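So the structure is just underneath, and the comments pick up after that.
The values are calculated or read from the model by the stated rules, or taken from the named source; none is laboratory data. Remember, it's a predicted structure, so these values are computed and weren't measured experimentally. Neighbour counts are summed over all protein chains in view; Cβ atoms, including those assigned to glycine, are modelled from backbone coordinates with ideal geometry. What goes into the accessible areas is simple: the full protein's heavy atoms, side chains included, and nothing from ligands, DNA or RNA. Shrake-Rupley method; radii C 1.70, N 1.55, O 1.52, S 1.80 Å.
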Amino acid sequence: MIDVNSWTASLLEKLQAHFGKRLLFLGLQGSYQRGEAHEGSDIDIVTVLDRLDIDDLSAYKKAIRTMPEAELACGFICGLPELKNWPRYDLFQLKMDTRTLYGDKAILPEVTKTDIADSICISAAAMLHEVCHRYLYSKSGAEGLAGCYKSAFFLLQAKHYLQSGAYIPSRRGLAEALAGPEREIMERAAGWKAEKAERDAAPEKWFALLYEFLQQALKEYSRF
């Protein structure tokens, strides 16, 4: 396992050496931030510069490639002007799931309840389309739904926050806070590999569980 604190500290030093005061914000997202990382997990970095052009991207790429386990690095980078004009529905996870490593998190735009509802609705629509596509055309049965169940975590996280005002960062914590079909979706996602035999025996059940949840989410939040 990577010592993510040492890794990010080293990256910050490299970025400061190159960009200086132009580096406005550096943050950590994803499984390492949530305490759910395992060997091979991505290192999700959020980077904001005062501006961003192709030369800056090249310099950033060079810095990343000098890091150990560079192939695991991923994440979000933009200039401040783009961030200010970014669609607000796409900023909920960025705002809530990012741990500040450098700079001020206030640089990230505020997100309203309407923005969060838009995020839920847009995500539900995209996932509903994917679930239908995989049910009709996938040759791997329910196995093709692995990514959909994984993505359902983020939709459920936003939905629970909008309903309760509580942001729960971990999958286990969120599952414990939910009930009914929503909790079952989270538990199924967590046990995806272990439950392969059950999936293969009755794939329609897995499709139906997620499909019906997405139908309801789209109906509920399209009129928020």
Which residue fluctuates most in the GNM of the chain (Cα springs below 10 Å): Glu39, Glu204, Glu130?
Glu39
Could you work out the helix-only [θ] at 222 nm for the chain, with each DSSP H run of four or more residues adding -39,500 (n - 2.57) and the total divided by the number of residues, to the nearest 500 deg cm²/dmol?
-18000 deg cm²/dmol
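What is the magnitude of the charge dipole of segment 1-94 about its Cα centre, with +1 placed on the Cβ of each Lys and Arg, -1 on the Cβ of each Asp and Glu, and no other charges, expressed in debye to the nearest 20? List each step's numbers first, then the result.
On the way: 10 positive and 14 negative charges, 81 e Å.
It works out to roughly 380 debye.
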Per-residue ³J(HN,Hα) for segment 101-109, Karplus 6.51 cos²θ - 1.76 cosθ + 1.60, θ = phi - 60°, Hz, x for Gly and Pro:
9, 7, x, 10, 5, 5, 5, 6, x
Determine ³J(HN,Hα), in whole Hz, for all residues of segment 110-115 in sequence, where each value follows from phi through the Karplus function 6.51 cos²θ - 1.76 cosθ + 1.60 and θ = phi - 60°; x replaces Gly and Pro.
5, 10, 8, 4, 5, 4
So, with a 1.4 angstrom probe, what is the percent of accessible area on the chain that is carbon and sulfur?
52 percent
Can you give me the long-range amide H partners of Ile43? Hydrogens built in the peptide plane at 1.01 Å from N, cutoff under 5 Å, separation of 5 or more residues or another chain.
Ala73, Cys74
When DSSP assigns beta bridges and you keep just the ones with both residues in the chain, what percent turn out antiparallel, to the nearest 5?
60 percent
Given a 1.4 Å probe, the accessible area of segment 1-86 per residue, as a whole number of Å², is 53 Å²
Using alpha carbon centers only, segment 129-200 is separated from segment 14-85 by a whole-angstrom value of 28 Å
Can you give me the long-range amide H partners of Leu24? Hydrogens built in the peptide plane at 1.01 Å from N, cutoff under 5 Å, separation of 5 or more residues or another chain.
Val48, Leu49, Asp50
